[in-house]
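Heads up, the thing below is written out as structure tokens.
Nothing in this text is a laboratory measurement; each read-out follows from the coordinates by a stated rule. It should be emphasised that the depicted structure is a prediction, and the values quoted were computed from it without experimental measurement. Note that we place each Cβ from the backbone using ideal geometry, even for glycine, and neighbour counts take in every protein chain shown.
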């Protein structure tokens, strides 16, 4: 993704992110990529919503897929699992169903001892909805200045589920569950 002042290169096979600065007259240091989570301060308050054993199973599934092999290929395993899950869906999720799934996963994730940020939460929401044969679009995007990455779920008509307005600042780089995937 080229933003002019920085080119962000994401390798979904290895999970590696590089920020390249175009040639400039003076020395420059590429900005570090941030995996986000500045708007959802973890651990300060318990997310509202219901608790669900199905959401816990979906999150456990994502964490198991992530941990099942080499760290360098975790992103590839997660995206493969998302492609498989979305291929089994039969009906699009409504915005309300998508939001409820995201909030339920966030509630369960708050109690998880493992890292649960936007990547794990959004992937678990996709799996939770796929178990109910409902489809959503999983998005992974990048925003510039400072460079930051974010993963979220949106409905087929592009409505982000349980996301702050700043999610619209992110340019989707990878979308899974959409016909354009």
Per-residue Cβ neighbour rank within 10 angstrom, fewest leading, 152, 51: 51, 152
Sorted by Cβ neighbour density within 10 Å, fewest at the top, the residues 176, 10: 10, 176
Relative contact order computed over region 63-181 (Cα-Cα under 8 Å; 6+ residues apart), in percent: 27 percent
Residue 87/residue 145 FRET efficiency (R0 41 Å; Cβ-Cβ; nearest 0.05): 0.70
Cα-based shape type of region 41-170, given that a ≥ b ≥ c are square roots of the gyration tensor eigenvalues and the cut on a/c is 1.5: rounded
Segment residue 169-residue 72, extension gain: residue separation times 0.36 nm, minus the distance between their alpha carbons: 32.2 nm
Rg over Rh [alpha-carbon atoms, Kirkwood Rh] for region 79-145: 0.99
